[in-house]
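Working notes, structure below.
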Amino acid sequence: MADTATAPAGDVRLAKNVIYCGVCTLPPEYCEFGGTTKKCEEWLESHHPDLHDEIYSPDAAAAALSTLSVDAQKRAEKDAQKKAAKAVALEARESEKRATSRITIKRVERNKRKYVTEISGLAHFGIDLKKTAKEFGKKFATGSSVTKTASGGEEVTVQGDVSEDVVEWLQENHGEVPEENVECVEDKKKKGGA
């Protein structure tokens, strides 16, 4: 057997504890390359204020810029302004999209007195479809799943006529969804002709 040499006690290195951003999942030093710089900075300030002061303080920014040439400093300032403008524009687009998006709750007749409730548009409000389908299945004690629509999107399908209960659940659990953006529709499926 080969001899395994053990390292002397002085060479023992402890593992480093690396902090990862809760927004972009990169280390905070690299958040500027992730595209969500503003949100990352807010997260870091609330969760690790000492590290935030180290990275985003005016002294740190000045030290980083002092090593660059004058042209590079101007480019860095322009890039920072562009990134900030893009972040603001993206946030405005997302809020506008949320305001115009609708959640459609359809009651679809399957057979004579059997119904299925289809809920579409939840993804526009940042609601996780799989978790929601599982919650509906538990709450209403029925089968519930995420299905693909003909238009390429996804919707939650719940067995049974639970459309009114779904509206109440949305109001209770997701207050960020405006009530006027929730629409209930009754849809009758056509019988297959032969």
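The values are calculated or read from the model by the stated rules, or taken from the named source; none is laboratory data. This structure is a prediction, so every number in the text was calculated from the model and none was measured. FYI the Cβ positions are ideal-geometry reconstructions off the backbone, even for glycines, and counts take in every protein chain you see. In case anyone asks, the SASA skips ligands and DNA or RNA and just uses the protein heavy atoms, side chains included. Shrake-Rupley method; radii C 1.70, N 1.55, O 1.52, S 1.80 Å.
Here the Karplus curve 6.51 cos²θ - 1.76 cosθ + 1.60, taken at θ = phi - 60°, turns the phi angles of segment 143-158 into couplings of x, 8, 8, 9, 10, 8, 8, 5, 7, x, x, 10, 9, 9, 10, 10 Hz, with x standing for Gly and Pro.
In the chain, the portion of solvent-accessible area held by carbon and sulfur atoms comes to 51 percent [1.4 Å probe, whole percent, DNA, RNA and ligands not counted]. In percent, rounded to a whole number, the relative contact order of segment 43-133 is 14, using alpha-carbon pairs under 8 Å and six or more apart. Within the set [x] 319; [y] 182; [z] 159, the number that volume of the Cα convex hull per residue in Å³ takes when calculated for this structure is listed as [x].
Ranked by the mean number of other Cβ atoms within 10 Å of their residues, highest first, the peptides 166-175, 145-154 fall in the order 166-175, 145-154.
In this structure, the amide hydrogen of residue 162, modeled 1.01 Å from its nitrogen in the peptide plane, lies closer than 5 angstrom to those of 117, counting only residues at least 5 positions away or on a different chain. Ranked by the mean number of other Cβ atoms within 10 Å of their residues, highest first, the peptides 112-122, 40-50 fall in the order 112-122, 40-50.
Annotation: Cα Rg of segment 79-194 relative to the compact-globule expectation 2.2 N^0.38 Å equals 1.28. Pairs exceeding a 22 Å alpha-carbon distance, out of 83/130; 106/139; 39/86; 38/82; 38/97: 83/130.
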